[in-house]
Amino acid sequence: MATIGIAFGNSTTSFATIKDGKVDVIANPDGERFISSALSYVDGDEYHGQQALSQIVRNPRNTIVNFRDFIGVPFTDIDARYSKLAAHPVELNGKVAYEINGNKLSIDEVVKRHLKQIKNAAEDYLGQSIESTVITVPTNFSDVQKQDIVRIAGEAGLKVSQLINEPTAALLAHLSNKDLLKEDKIYVVADFGGIRSDAAVIAVRGGIMTLLATEHSTTLGGAELDDALIDFFAADFQKKFKADAKKTEKSLAKLVAASIITKKTLSNVQTASVSVDSLAEGFDYMSSINRLRFELVGRKVFSEMIEFIESLIKKAGLENLDIDAVLLVGGTSNIPKVASTLSLIFPESTEIHAPAIDSKLPNPNELNCRGAAIQASLIAGFDDEEIQESLQPVVVNTEHISAPIGIKDTDGHFLTILPRETAYPIKKTISFTSNSNNVEIEFYEGKRNVKETVVEPEQFSDDEEDSEEEEPEIVREVEYVPGTLLAKMVLNGVGAGKPVDVIVQIDREGKMHLTGRSGDVIVKGEVSQA
């Protein structure tokens, strides 16, 4: 019996397992590691993945795509714009369904068939039955949607041990791969997918992840970049042949397919060729586009990505300077311009984790399923009751401190013990060496301060001609200084050169317990509210 993690998206589905201590992203029998979330019906036969997606041009009304977000949503509340070139959603008992070959197929049945195909592919690969799974879901999935996906997966033969938020899964995969889970940092996890974008600010403190804010958009993603390319190629086609490449659904579907391939190609090379046989009115279309032109064509979308992330950070009550790292997730994150655009709004100290910057990183399309597989392996030894107890609000919805807590060193600088956004209960110890017989320890809340440093431009020699005088660069960075004094303690008779331990512990009620210790000298105190 095996466990797997499933990242079930609107555009693609991927799944992984832990094998010999490493995450193994599983390919289906067709060799696809990122399986198109699509079903198609031809002459009574059911096709899945890329085989189904390839039917969009010839058999659009019997091909179902982009259906994940319809789970558990009333028909009157859905946005069906991304189904315009495929089977259109229809109503069945107040919910979404699809009319295939004259029969109505409910959204529950569509999802069940898709997940059953995933289960069969995993069992074929592993050679054993699937005992349980962890499935990723967006942070804005409702309780009804979560309950429905668990129920439908069960009907497909998949026992769901746990649902995990997509940004948490992606960050877990990234931190586990880099062995960074113990580093205290604030991350922006930006998932730019095919037909939607999701992002979250997550504070990692002592291996615990705290979700600070989320942002969602169903009008920002790879599809909008596809549309920009479609308009560019359609205008070029109109100019060459005086014909409309978007006039019929069939010609538009051909252009969409060509644009998607072009976008993916330009993520890896500088120039891509486009060739579509009989695109419209009998005319074949051939053209090419380079990466720079593509970035100009899609500049509006890239600008919206910046606005999307800035809105998220503002919602978290932070500034761009407070973000330690940005993790890019999703297929659209493979585009180099996404990483380079976002890097413009962050200081140089903020790390941007993207394949365009570090080619050794896992494919951003894999991060969600990798994180789900890791979580599945972590909880595999627990029974259902223990897992459910771990998901209760009292456990999951932990409080966190809004300002860092630390001490003032001998130079008057603030020394952080607990960074801001640390979840509690928590206990942390720091050590230093005394420089006098009596040691005075002052505990403070840190006060945020933006430090500005002027960096003078490089000086050129007088004989260099045509050199323009550059303006000095102002580098801004966040630092913390001692703010509100919380407590003061004195350890008498310690002696110079002796080790001193300072322990800060915050209990579940937010009461702070402070301890100073050196040898036999111990002083304790409490602060009522953290």
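The values are calculated or read from the model by the stated rules, or taken from the named source; none is laboratory data. What you see is a predicted model; the values in this text were computed from it and never measured. Using ideal geometry, Cβ is built from the backbone for each residue, glycine included, and neighbour counts are taken over all protein chains shown. What goes into the accessible areas is simple: the full protein's heavy atoms, side chains included, and nothing from ligands, DNA or RNA. Shrake-Rupley method; radii C 1.70, N 1.55, O 1.52, S 1.80 Å.
Of all residues in region 61-91, which are open to solvent by 40 Å² or more (accessible area, probe 1.4 Å), free of Cβ contacts under 8 Å to residues at least 40 places away in the same chain and in contact with a helix residue (DSSP H, G or I) (Cβ under 7 Å, 6 or more places away or on another chain)?
91 - this is the single residue of region 61-91 that is open to solvent by 40 Å² or more (accessible area, probe 1.4 Å), free of Cβ contacts under 8 Å to residues at least 40 places away in the same chain and in contact with a helix residue (DSSP H, G or I) (Cβ under 7 Å, 6 or more places away or on another chain).
Pairs, please: C-beta under 8 Å, at least 6 apart or cross-chain, first residue of a type in the set (Phe, Trp, Tyr) and in region 104-129, second open to solvent by less than 60 Å² (accessible area, probe 1.4 Å)?
125/26; 125/27
What number of residues in region 94-107 are in contact with a strand residue (DSSP E or B) (Cβ under 8 Å, 6 or more places away or on another chain) and either open to solvent by 30 Å² or more (accessible area, probe 1.4 Å) or farther than 29 Å from residue 369 by Cα (or both)?
6
Tell me, which helices (runs of 4 or more DSSP H) wholly within region 227-325 include 2 or more residues that are buried (at least 17 other Cβ atoms within 10 Å of the Cβ) and basic (Lys, Arg)?
Output list reads 249-265.
How many of the residues making up region 130-183 are under 19 Å from residue 19 (Cα atoms) and of a type in the set (Lys, Arg)?
Count: 1.
Output the number of residues of region 475-525 satisfying the condition of being within 27 Å of residue 449 (Cα to Cα) and either in contact (Cβ under 8 Å) with a residue 60 or more places away in the chain or open to solvent by 40 Å² or more (accessible area, probe 1.4 Å) (or both).
Total satisfying the criteria: 23.
Anything in region 402-425 that is at pLDDT 90 or above and of a type in the set (A, V, I, L, M, F, W, C)? List them, or say none.
Once the filter is applied, which keeps residues that are at pLDDT 90 or above and of a type in the set (A, V, I, L, M, F, W, C), region 402-425 yields 403, 405, 407, 414, 415, 417, 418.
A quick yes/no check of all residues on (1) closer than 21 Å to residue 196 by Cα; (2) touching a Phe, Trp or Tyr at 6+ places or on another chain (Cβ under 9 Å):
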| position | (1), (2) |
| --- | --- |
| 63 | yes, yes |
| 66 | yes, yes |
| 74 | yes, no |
| 83 | yes, yes |
| 92 | no, yes |
| 96 | yes, yes |
| 99 | no, no |
| 108 | no, no |
| 112 | no, no |
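Applying the selection to region 336-361, what residues are closer than 23 Å to residue 34 by Cα and either open to solvent by less than 10 Å² (accessible area, probe 1.4 Å) or within 13 Å of the chain's Cα centre (by Cα) (or both)?
338, 339, 353, 354
Of all residues in region 213-226, count the ones that are open to solvent by 40 Å² or more (accessible area, probe 1.4 Å) and either assigned to a loop (DSSP other than H, G, I, E, B) or among the aromatic types (Phe, Trp, Tyr) (or both).
Number of matching residues: 2.
May I ask you to verify whether residue 144 is β-branched (Val, Ile, Thr) and open to solvent by 50 Å² or more (accessible area, probe 1.4 Å)?
Spelling it out, residue 144 is indeed β-branched (Val, Ile, Thr) and open to solvent by 50 Å² or more (accessible area, probe 1.4 Å).
Within region 151-175, can you find the residues that are assigned to a helix (DSSP H, G or I) and either open to solvent by 20 Å² or more (accessible area, probe 1.4 Å) or on the phi > 0 side of the Ramachandran plot (or both)?
151, 154, 155, 168
From 331, 298, grab the single residue that is in contact (Cβ under 8 Å) with a residue 60 or more places away in the chain, touching a helix residue (DSSP H, G or I) at 6+ places or on another chain (Cβ under 9 Å) and more than 28 Å from residue 137 (Cβ to Cβ).
Result: 298 is the single residue among 331, 298 that is in contact (Cβ under 8 Å) with a residue 60 or more places away in the chain, touching a helix residue (DSSP H, G or I) at 6+ places or on another chain (Cβ under 9 Å) and more than 28 Å from residue 137 (Cβ to Cβ).
Quick check on my filter: what residues within region 7-49 are within 22 Å of residue 194 (Cβ to Cβ), of a type in the set (A, V, I, L, M, F, W, C) and part of a strand (DSSP E or B)?
Those that are within 22 Å of residue 194 (Cβ to Cβ), of a type in the set (A, V, I, L, M, F, W, C) and part of a strand (DSSP E or B): 7, 8, 15, 16, 25, 26, 35, 38, 39.
Working carefully through the options 52, 86, find the one that is over 24 Å from residue 131 (Cβ atoms) and in a loop (DSSP other than H, G, I, E, B).
Of 52, 86, the one residue that is over 24 Å from residue 131 (Cβ atoms) and in a loop (DSSP other than H, G, I, E, B) is 86.
Counting just the residues of region 37-50 that are under 24 Å from residue 246 (Cα atoms) and among the polar types (S, T, N, Q), which one comes out surrounded by the fewest Cβ atoms within 10 Å (Cβ to Cβ)?
50
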